[in-house]
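The values are calculated or read from the model by the stated rules, or taken from the named source; none is laboratory data. Source: prediction; values computed, not measured. Here the Cβ is made from the backbone with ideal geometry for all residues, glycine too, and neighbour counts use every protein chain on show. Note: areas computed on protein heavy atoms with side chains; ligands, DNA, RNA excluded. Shrake-Rupley method; radii C 1.70, N 1.55, O 1.52, S 1.80 Å.
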Amino acid sequence: MTNQAKKLKLKELRVLSGHKDSVLDCAISPQGECIVSCSYDTSIKVWDVASGKELLTMSGHSGPVNSCAFSLDGNRIISAGGKELIIWDSHNGNVLRKMVGFPYEVVVCAFSPDGKVVATYNNSKNWLLDSESGKMFKQFPNEDGAKKMCFNLDGKRLLYNCLREVRVMNTENGKIVQTFKGHLTGVNTFTLSDDGNRLATGSDDHTVRIWDIASGKELKTMESHTQTIWDVDNNKEIEIPASHSGSVYCVIFSPDGKLLVSGDNHNIHVWDAESGELLGKNEESDGWIKRLVFSPDGKWFISASSNKMKIWEIGE
């Protein structure tokens, strides 16, 4: 495995450039034909994967657009920014629904698998809204915030990260039914494997960890070196295995679950998701990696950093 691992390389296939400020999020359509991106410049753009051409530019947010996603059928896009959520027609860029009335900036959003429900966080609460009417139908207290949200495969659970953990909330009653703890500092990001059986997390403690959803147990800490950090719980320095040389901001499983890709301030790492072995590394990225997303066929992935995105192919 080690000899094979050293041969893995990232090949840059295409650069998508057009935003006037930092790209804050991006997503790939379920068919793998289009990419949606959102930016600090308050715009949302849709791109053609094959040509790299910009297809649509949508404007309507009152501030930076922090989060975006496709519906599972690919026909709609949701975006969060300013004090509103907006649902767009992904084919023509028309506004289908604008959800306003949030007291603070909206930084996160997610579609349920069936596309009927939108989740977000605002004003110390987790919100569930009807995607057709735009009306909020459930609110649950959450004093600790949420940097990212996603539903599980059947839509009955909502996952979100806050503080040093990832929580799993029952969408019927708002109860926290599971918590993934183990990181020594804040959890910046997480992702579910496509089969819903594993969770990967990235943290300010420089580690990437994989967890078993059913048992809640940590399966693996990805390790490329060791480092000394300050243990705030025990008020002392400790040496821990580290995945990156800095904070980890994004993680993503390949569709077949065999690979995990993670990003920090300027590096992209490719890991064997079973063994935890580092398979490849890229040190030529344009700064802070804000998002990583795999294509549905697993042949390429995109990274977002600075005001552009790059399409990468993993090869030997």
Margin query: What are the ³J(HN,Hα) couplings of the range 37-49, residue after residue, when phi is run through the Karplus curve with 6.51, -1.76, 1.60 and θ = phi - 60°? Round to Hz, x for glycine and proline.
Written below: 9, 9, 9, 5, 6, 6, 10, 10, 10, 10, 10, 8, 5
Item checked: Student exercise, the chain dipole from Lys, Arg, Asp, Glu Cβ charges, in Debye to nearest 20 -> 520 debye
Notebook entry, point to check: Which of the cysteines in the chain are isolated, no other cysteine C-beta under 4.7 Å?
Noted result: 26, 34, 109, 150, 162, 250
Note to self: Leaving out ligands and nucleic acids, and using a 1.4 Å probe, what accessible area per residue does the range 1-136 come to in Å²?
What the structure shows: 45 Å²
Next item on the list: Would you grab the residues whose amide H sits under 5 Å from the one on residue 107? Only those 5+ places off in sequence or on another chain, please, with H modelled 1.01 Å from N.
Entry: 121
Check: Hey, can you rank 78-86, 190-198 by average C-beta count inside 10 Å, highest first?
Finding: 78-86, 190-198
Notebook entry, point to check: Among rounded, prolate and oblate, which fits the range 177-316 when a ≥ b ≥ c are the square roots of the eigenvalues of its C-alpha gyration tensor, a/c under 1.5 means rounded, and a/b larger than b/c means prolate?
Noted result: oblate
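Can you tell me the relative contact order of the range 152-198? Whole percent, Cα pairs under 8 Å, sequence separation 6 or more.
Values: 69 pairs, mean separation 15.4, N = 47.
In percent, rounded to a whole number, it is 33.
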Next item on the list: Please give the peptides 46-57, 160-171 ranked by average Cβ packing (other Cβ atoms within 10 Å per residue), highest first, as a rough proxy for protection.
Entry: 160-171, 46-57
Next item on the list: Can you grab the distance from the C-alpha centre of the range 214-261 to the C-alpha centre of the range 59-75, Å, no decimals?
Entry: 30 Å
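Taking a ≥ b ≥ c as the square roots of the eigenvalues of the Cα gyration tensor of the chain, is the shape rounded (a/c under 1.5), prolate (a/b larger than b/c) or oblate?
Working: a/c = 1.69, a/b = 1.19, b/c = 1.42.
Since a/c reaches 1.5 but b/c is at least a/b, the shape of the chain is classed as oblate.
Going down the list 156/258; 11/147; 181/217, which pairs span over 19 Å between their C-alpha atoms? Each step should come with its number before you reach the end.
On the way: 156/258 26 Å; 11/147 30 Å; 181/217 9 Å.
Table pairs above 19 Å Cα-Cα are 156/258; 11/147.
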Next item on the list: Give the relative contact order (percent, whole number) for the chain; include only Cα pairs under 8 Å separated by 6+ residues.
Entry: 15 percent
Next item on the list: List the lysines whose Cα lies under 20 Å from the Cα of residue 98, skipping any in the same chain that are fewer than 8 positions away.
Entry: 45, 83, 116, 125, 135, 138
Item checked: Solvent-free Debye scattering, log10 I(q)/I(0), computed from the Cα coordinates of the range 116-215 at q = 0.11, 0.17, 0.19 Å⁻¹ -> -0.32, -0.74, -0.91
Next item on the list: Can you tell me which of 300-308, 112-120 comes out highest on packing, and rank the rest after it, using the mean Cβ neighbours within 10 Å?
Entry: 300-308, 112-120
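Treating only the Cβ atoms of Lys and Arg (+1) and Asp and Glu (-1) as charged, compute the dipole magnitude of the range 86-245 about its Cα centre; round to the nearest 20 debye. Please list the in-between numbers first.
Working: 19 positive and 21 negative charges, 104 e Å.
Computed charge dipole of the range 86-245: roughly 500 debye.
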Note to self: Could you work out the relative contact order of the range 201-304? I mean the mean sequence separation of Cα pairs under 8 Å and 6+ apart, divided by the number of residues, in percent.
What the structure shows: 21 percent
Notebook entry, point to check: Near the amide H of residue 39, under 5 Å away, which other amide H atoms are found, from residues 5 or more places off or on another chain, if H is placed in the peptide plane?
Noted result: 24, 65
Item checked: Distance histogram for the range 15-58 (every C-alpha pair counted, 10 angstrom bins, percent rounded to whole numbers) -> 31, 59, 10
